[in-house]
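Notes for the one structure printed next.
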Amino acid sequence: MVRRVSIFGATGSIGQNTVDLIARDPDAYDVVALTGGANIAQLAEDAKRLGADLAVTCFEDRLEDLRAALDGSGVEAAAGQGALIEAADRPADWIMSAIVGAAGLAPGFRALRHGTTLALANKESLVTAGPLLLAEARAHGATILPVDSEHSAVFQALVGEEMDAVERIIITASGGGLRDWPLEALAQATVADAGAHPNWDMGQRITIDSASMFNKAMELIETKEFFGVGPEKIEAVVHPQSIVHALVGFTDGALMAHLGAPDMRHAIGYALNWPERRELPVNRIDLAQIATLEFRAPDLRRYPALGIAQAVMETGGRAGCIFNAAKEIALDGFIAGRIGFMDMSGIVEATLDAMSTEFSLTIPPSTLEEVLEVDHMARDRAWSCIRQKETA
Ligand code: NAD
Ligand code: MG
């Protein structure tokens with residue numbers, strides 16, 4: 001059966017891995033829509049190659065460029081936020097949500113309305129609006145499949161299991177590019193230092209978020225939201241080899257681990273083929289060659305983001321949304337050279353504190369509009385925290 005698929009964020013790192021898998025089996029898929037940003041050439045090339053019905057750039061002023069790049073191909077061109085929503089309205093059986101940041105929320109929400117299967121790479125959706133997103137899926141009989149590698153691993157370890165029997169969920173963290181630096185040196189880490197990853201090849205932002213473990217902090221919150229387990233049952237462990245992606249502990253003491261090469265096509269492919277398993281073009285693991293798998297407890301002085309995540313999970317409500325917005329701004333501040341590497345966590349904490357004087361953080365947002373409003377407020381607040389720090 002030919003399946004109709006769309007890829008949101010097709011030109012990004014997750015998007016390109018998704019395009020790669022789909023292009024390997026063109027007869028199996030009918031590509032409905034691809035979306036991207038400023039990389040018009042890539043978007044147009046993939047849309048033509050995959051025979052998509054529609055290509056959308058999120059930038060309205062790039063519509064003419066996209067039209068020109070698609071000229072004569074029969075692929076329809078569109079641009080802007082409204083066009084992204086219209087693309088999400090096009091009937092599809094499977095949709096990849098791989099836009100980065102809060103911009104990925106609205107198209108994903110919209111797609112759920114049509115009862116589609118949403119492969120969710122956009123972790124911000126769960127962190128900022130987890131309960132709303134899951135409720136939307138339930139209301140429309142839609143399915144959400146996790147694509148973050150750790151959550152795909154947990155999902156796979158849970159196949160055939162009862163959630164009542166889950167005692168704990170352990171997600172692994174590589175420790176990032178600075179994991180062996182002396183603690184005292186971290187404050188001086190530059191963008192280049194933090195932007196080099198030992199195992200995964202990813203974009204600059206998520207790589208720096210790995211070094212600070214803000215990425216892992218997001219993933220702890222994602223775990224709570226997606227699997228519905230309490231924060232006391234969720235932990236992170238440092239695992240430098242990035243071979244074990246997550247483990248689920250059961251009430252009988254058994255631990256089920258998921259192992260795989262660090263290649264996002266594992267998680268993307270699992271979501272694409274679910275509930276079946278099919279051959280994937282990923283490296284096979286040679287355990288004897290790897291020889292050693294190490295694990296160690298994360299040092300919270302080195303990774304204060306993990307402590308903040310624990311507090312955010314306990315607070316619930318709007319805390320996840322504020323956390324996500326503040327950490328994005330703190331990262332902007334670090335990349336712009338306005339704050340140091342170790343100042344990012346302080347900015348996030350200060351933003352959460354400041355916002356808690358405006359309203360109770362425990363009140364959950366009841367609509368997507370409210371989520372976006374809290375997101376904007378938190379971004380403004382985080383910038384003022386950065387300015388305060390600069391003038392202090
Ligand atoms: P990326 O920056 O490589 O790609 C992002 C995509 O979103 C691009 O297609 C870009 O054009 C598009 N985009 C950017 N801003 C947009 C906007 N305002 N409106 C519409 N489209 C916009 O990002 P990525 O690394 O592929 O990550 C995508 C998502 O998947 C993120 O939420 C990330 O946290 C998550 N994720 C990524 C990885 C990974 O290995 N890269 C792993 C797990 C989860
Ligand atoms: Mg991950």
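The values are calculated or read from the model by the stated rules, or taken from the named source; none is laboratory data. The shown structure was predicted, so the numbers you read here are calculated from the model rather than taken from an experiment. Every residue, glycine among them, receives a Cβ derived from its backbone with ideal geometry; neighbour counts consider all protein chains shown.
Figure legend. Inter-residue proximity from the range 1-15: first residues closer than 19 Å to A111 by Cα, second residues within 16 Å of ligand 2 (Cβ to nearest atom) and charged (D, E, K, R), beta-carbon distance below 6 Å, spacing 6+ or different chains. No pairs are indicated. For the range 14-62, the candidate set comprises residues that are within 16 Å of ligand 2 (Cβ to nearest atom) and polar (S, T, N, Q); within that set, the residue that is surrounded by the most Cβ atoms within 10 Å (Cβ to Cβ) is T18.
From the list P182, P146, pick out the single residue that is over 22 Å from the mean Cα position of the chain (by Cα) and either over 24 Å from R205 (Cα atoms) or not aromatic (F, W, Y) (or both).
Sole residue among the options that is over 22 Å from the mean Cα position of the chain (by Cα) and either over 24 Å from R205 (Cα atoms) or not aromatic (F, W, Y) (or both): P182.
Of all the numbered requirements in (1) modelled with pLDDT of 95 or more; (2) within 16 Å of ligand 1 (Cβ to nearest atom); (3) of a type outside the set (K, R), G101 misses one, and that requirement is (1). Any residue in the range 138-156 that is farther than 24 Å from G260 by Cα and within 16 Å of ligand 1 (Cβ to nearest atom)? No - not one qualifying residue is present in the range 138-156.
For the range 203-212, state whether one or more residues are in contact with a Gly (Cβ under 9 Å, 6 or more places away or on another chain), more than 16 Å from ligand 1 (Cβ to nearest atom) and modelled with pLDDT of 95 or more. No, the range 203-212 has no match at all.
Residues are listed down the side, and each one gets a yes or a no for (1) at pLDDT 95 or above; (2) touching a Gly at 6+ places or on another chain (Cβ under 9 Å):
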residue: A305; (1), (2): yes, no
residue: M313; (1), (2): yes, yes
residue: E328; (1), (2): yes, yes
residue: T362; (1), (2): yes, yes
residue: A378; (1), (2): yes, no
residue: T391; (1), (2): no, no
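Among the residues here, A106 does not qualify as away from ligand 1 (no atom under 11 Å from the Cβ), of a type in the set (A, V, I, L, M) and more than 18 Å from S13 (Cα to Cα).
Of all residues in the range 64-105, which are of a type in the set (S, T, Y) and over 26 Å from V127 (Cα atoms)? So that I can check it myself, show each step before the final result.
If we filter the range 64-105 for residues that are of a type in the set (S, T, Y), which is where we start, we get 73, 97.
Residue satisfying the conditions is S73 alone.
Comparison of V154, V127 shows that the only residue that is in contact with a helix residue (DSSP H, G or I) (Cβ under 6 Å, 6 or more places away or on another chain), within 16 Å of ligand 2 (Cβ to nearest atom) and under 21 Å from G230 (Cα atoms) is V127. Residues that are more than 8 Å from the chain's Cα centre (by Cα) and of a type in the set (D, E, K, R) within the range 119-139 comprise E136, R138, listed in sequence order.
Is it fair to say G176 is without any contact (Cβ under 8 Å) to a residue 24 or more places away in the chain, within 15 Å of ligand 1 (Cβ to nearest atom) and buried (at least 17 other Cβ atoms within 10 Å of the Cβ)?
Numbers: without any contact (Cβ under 8 Å) to a residue 24 or more places away in the chain: no; within 15 Å of ligand 1 (Cβ to nearest atom): yes; buried (at least 17 other Cβ atoms within 10 Å of the Cβ): yes.
When the stated conditions are applied, G176 does not pass them.
Within the range 269-280, the set of residues being in contact with a strand residue (DSSP E or B) (Cβ under 7 Å, 6 or more places away or on another chain) and closer than 15 Å to H245 by Cβ comprises just one member, A271. Among the residues of the range 201-208, none qualifies, meaning not one is outside any helix (DSSP H, G or I), touching a residue at least 40 places away in the same chain (Cβ under 8 Å) and farther than 21 Å from D263 by Cβ. When A92, A103 are checked against the criterion of being touching a residue at least 40 places away in the same chain (Cβ under 8 Å) and closer than 24 Å to R379 by Cβ, A103 stands alone in meeting it.
Among residues of the range 335-362 that are in a helix (DSSP H, G or I), those with a Cβ under 7 angstrom from a residue that is among the polar types (S, T, N, Q), sequence gap 6+ or separate chain, pair up as F341/S212; M344/S212. Only one entry of E373, E328 meets the criterion of being of a type outside the set (V, I, T), surrounded by fewer than 24 Cβ atoms within 10 Å (Cβ to Cβ) and over 28 Å from D180 (Cα atoms), and that entry is E373. Might you let me know whether the range 152-169 holds any residue that is farther than 22 Å from G269 by Cα and among the small types (G, A, S)? Checking the range 152-169: at least one residue is farther than 22 Å from G269 by Cα and among the small types (G, A, S).
Between A106, A119, A88, A77, the distinction of being within 16 Å of ligand 2 (Cβ to nearest atom) and either closer than 29 Å to V229 by Cβ or buried (at least 24 other Cβ atoms within 10 Å of the Cβ) (or both) belongs to A119 only.
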